[in-house]
Amino acid sequence: MGISGLTTFMDDNLHLLKEWRLHDTKVVIDGNNLYHLIFYNNHVDFLHGGDYDQYARKIKEFFTLLQSCNIQPYVVFDGGYEQDDKKFHTILGRVQQRLEMAIRLAKGQRGKVMPILAYETFKEVLLQIHIPFAVCDFEADKEIGILANDFDCPVLSYDSDFYILPLSAGFIPFDSVNFTLQENTREDGTAYHYLPARRYHVDNFVKFFPSLGRDVLPLLAALLGNDYVDIRIFQSFYSSVRSYEGRTQFRIPKSHLKIQKVISWLESLESYKEGIEKLMESAGSPAQKETISVAIRKTIEAFTTSATDSGCSLHKFFRDNYSTEMQSLEVKVPSSWNLVQGYNGSVIPSWFLPSHRQGILPPSFLDVITLHRIFLLLQVEHPKSQSSHQCSLKLRQLMYGILLSEDIAGLEKNDEVVVSRKCGVEEYDRVGLDLTKKIVLPARAFEGYGPVPRLPAIPDLLSSYKENFLRQALNIPLFDTEHMTKDLELVLGIILYWVRNAKPKVTVYHLQAAVVCLIMLKVKWVLIHRGPTGTRENLIETAVLETPTETVKEVRTRLHPYNARPEHSSKHPVDSELIHGFAQFQSCILVALQFNFLLQCPFPSPYTPHIFSGTFLYNFCQELQKRRSPDLFICEMLVKDSKLPQVYQCLYDVLINSLEPDGLLSDSKYKKRNKSHKDKGKKSKRNASGSSNSKSLELSPEVEKKTKLQVRYVANCQLTNRFAGLVLSDDSQGESD
């Protein structure tokens, strides 16, 4: 939400905010604001797809800072969109803006777009570091306000709505906080840390309107416009109001004519009743009066907190789900936390909403069930190619089949299933340069498998059944390799799904970079945290932990330059086609992880910052395109005498051997081959990494001759015996790579 012009007004009137030391308190934090704040304020790269390992580190640093000040955070996120569609046009406008910014970025122009795995990463880190958080069913602002009043603690947010909500302990705008740790001494001589901030309380503002009291707040919110009110309905009112120049007690630039008129008019009123009467007098017809009346009523409802509202359920949620020192509070479970129905009137299973509120299921699932609508998160990608989300379409259709199993069950019985929003999901996605909607019908059965599971039955299904279902959906082969844990199986399955469904196809360099990225991220984690990740060790982690520390540091040193953000210019433009391949990968990661959560995690959920790092993937993929022998280069980067090149080869081979021979795009577009090589009918039987049966690398005789690394791969990599299943023979000494 947000109130037009109010943040600017408050910035111009800082006397309404009092200096305050933030420490030794609970705070309720607007989660949607916070995950954007941490990402953008720390300048995490977004152009190349998102550096989630860096982002995760900054999230941890933020909460460590709060902990140093003895601040207990409670993070609250928005849920799905309201079923009355009152914000539909606002949401649509924001999605359109996101598309325009993504296109500008792809063309090398300025803009910013939050990468699509940022929200999932943020929640994963909160779980990892035990920060209490909850996801509301719908809009969070009001519930945040009620929860903060229950705790008698301030709210941290950017949202200007909190200038209007009556908060007992006030509102601290994020941009008023100096996130630099300060130290002071208490009267008893003990030291404490704090963050300098400015705190706003509604009474600081209301005291300037003694005749209106707190009634001034919803009036101001309505007249300035908010997400519930179209301010065009007050156009005749604005025209009828003259400016009271020199009378206002606030600093308002002359350029802000509307807010100047509204504030000065409010100051002139003798009572709230007088204000309502004058608003109605400005209406030209009974219909306009009714519209204004409804708008004011909606605004009052939105900005009034009550002890019987759903924030109390948030208090109960945190009390029941987190071990904290909360007071016991008798609360009534309000209707907004219970009476949520499907678009066609179906009852949502009892297990679903608790999983939604815990953040296990994404808010978009609730949108699919209650609205049969979803706004796909648009990415930086090649504008002339089809949307990157087409890559994960088949997976989404299977998920829709489960999510809508009850809501369209009656239609199926009556043979009413047609291509309509009633029977499918209205997806908003990019087509060319335009935002377009289309109806996607759910998959009610899976070819070669049978009907998809029904939503209410999910908790009762055997874990083995759910695992097999997801294996079939992703077409994950059985990897006969030691230390192949289920979370790594899922990651490799996602990579295979991505490569098989990518349009346009990705190159072998995309695949090689993706595998090296998995190793690089694990190396960084082990060096930073000086130990294992805390999950069951897979073959990557086992190899890194068994490799001497100095060698691991050397690998980190060699790969580190590829984490640096590239400088783009007319000579070095953004390669949006390369980015597009990894954008498709991100779409597959997002949907596959969500699918796994929908099935209640038959696979242990992988940690997103250990899968994808956009800048590294972009830089390393570009580097591989330039290399005459990418395989030799990778071997050198991973220190050829260590176990890591063997781990890379093992992973690469199990992937390449699971793909069709033409599964990857010919590399001729990215790598200049010998122009005399015209016989396209002869496909190389060996790719640059030594794997067989791949048409992705069509090596000329000259390049084949220069590629002297010989790799003999035994299908089952015996990692426990110093990777005895792999024999590396490098007779390319002295060759410049």
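Would you check if there is a residue in the range 30-44 being buried (at least 17 other Cβ atoms within 10 Å of the Cβ) and outside any helix (DSSP H, G or I)? Yes, the range 30-44 contains a residue that is buried (at least 17 other Cβ atoms within 10 Å of the Cβ) and outside any helix (DSSP H, G or I). Between 528, 540, the distinction of being touching a Lys or Arg at 6+ places or on another chain (Cβ under 9 Å) and open to solvent by less than 10 Å² (accessible area, probe 1.4 Å) belongs to 540 only. Would a scan of the range 458-470 turn up a residue that is over 16 Å from residue 603 (Cα atoms) and buried (at least 17 other Cβ atoms within 10 Å of the Cβ)? Checked against the condition, which is being over 16 Å from residue 603 (Cα atoms) and buried (at least 17 other Cβ atoms within 10 Å of the Cβ), the range 458-470 yields no hits at all. On inspection, residue 324 qualifies as modelled with pLDDT under 85, in contact with a helix residue (DSSP H, G or I) (Cβ under 7 Å, 6 or more places away or on another chain) and surrounded by fewer than 17 Cβ atoms within 10 Å (Cβ to Cβ).
Taken together, the residues in the range 556-576 that are open to solvent by less than 70 Å² (accessible area, probe 1.4 Å) and either in a helix (DSSP H, G or I) or not acidic (Asp, Glu) (or both) amount to 10. Out of 90, 64, 8, one residue alone is surrounded by fewer than 21 Cβ atoms within 10 Å (Cβ to Cβ), on the phi < 0 side of the Ramachandran plot, outside any strand (DSSP E or B) and over 23 Å from the mean Cα position of the chain (by Cα). It is 8.
Tell me, which strands (runs of 3 or more DSSP E) lie completely within the range 130-230 with 1 or more residues that are surrounded by 20 or more Cβ atoms within 10 Å (Cβ to Cβ)? It would help to see each step written out before you state the result.
On the way: elements: 133-135, 155-157, 171-173, 182-185, 191-200.
Passing ranges, in order: 133-135, 155-157, 171-173, 191-200.
Of all residues in the range 590-609, count the ones that are open to solvent by less than 30 Å² (accessible area, probe 1.4 Å) and not in a loop (DSSP other than H, G, I, E, B). Residues that pass the stated criteria total 10. No other residue among 421, 454 is among the basic types (Lys, Arg) and within 30 Å of residue 320 (Cβ to Cβ) apart from 454. Every test in (1) without any contact (Cβ under 8 Å) to a residue 12 or more places away in the chain; (2) in contact with a Cys (Cβ under 8 Å, 6 or more places away or on another chain) is passed by residue 88 save one, and that test is (2).
Of the residues 514, 443, only one is part of a loop (DSSP other than H, G, I, E, B) and surrounded by 15 or more Cβ atoms within 10 Å (Cβ to Cβ); which? When all the criteria are applied, what remains is 443. Total residues in the range 498-511 satisfying the condition of being assigned to a helix (DSSP H, G or I) and open to solvent by less than 10 Å² (accessible area, probe 1.4 Å): the figure is 6.
Considering the range 240-279 alone, what residues qualify as being over 44 Å from the mean Cα position of the chain (by Cα) and assigned to a helix (DSSP H, G or I)? Across the range 240-279, the qualifying residues are 240, 268, 273, 274, 277, 278.
The single condition among (1) at pLDDT below 95; (2) assigned to a helix (DSSP H, G or I) that residue 628 does not satisfy is (2). Consider residue 164 carefully, then state whether it is over 27 Å from the mean Cα position of the chain (by Cα) and among the aliphatic types (A, V, I, L, M). When the stated conditions are applied, residue 164 passes them. Which one of 76, 113 is open to solvent by less than 10 Å² (accessible area, probe 1.4 Å), in contact with a Phe, Trp or Tyr (Cβ under 8 Å, 6 or more places away or on another chain), under 30 Å from residue 297 (Cβ atoms) and at pLDDT 95 or above? Within the list 76, 113, the selection yields 76.
The lone criterion from (1) more than 30 Å from residue 383 (Cβ to Cβ); (2) more than 26 Å from the chain's Cα centre (by Cα) left unmet by residue 508 is number (1).
All of (1) open to solvent by 10 Å² or more (accessible area, probe 1.4 Å); (2) assigned to a helix (DSSP H, G or I); (3) in contact with an Asp or Glu (Cβ under 8 Å, 6 or more places away or on another chain); (4) closer than 30 Å to residue 384 by Cα hold for residue 579 with one exception: (1).
Would you check which residues across the range 631-679 are open to solvent by less than 30 Å² (accessible area, probe 1.4 Å), at pLDDT 85 or above and not in a helix (DSSP H, G or I) and list them? Correct list: 638, 639, 642, 643, 659, 663, 664.
The values are calculated or read from the model by the stated rules, or taken from the named source; none is laboratory data. Quick caveat, the model's predicted, so the values are computed rather than measured. Using ideal geometry, Cβ is built from the backbone for each residue, glycine included, and neighbour counts are taken over all protein chains shown. Ligands, DNA and RNA are stripped out before the accessible areas are found, and what is left, the full protein with its side chains, is counted by its heavy atoms. Shrake-Rupley method; radii C 1.70, N 1.55, O 1.52, S 1.80 Å.
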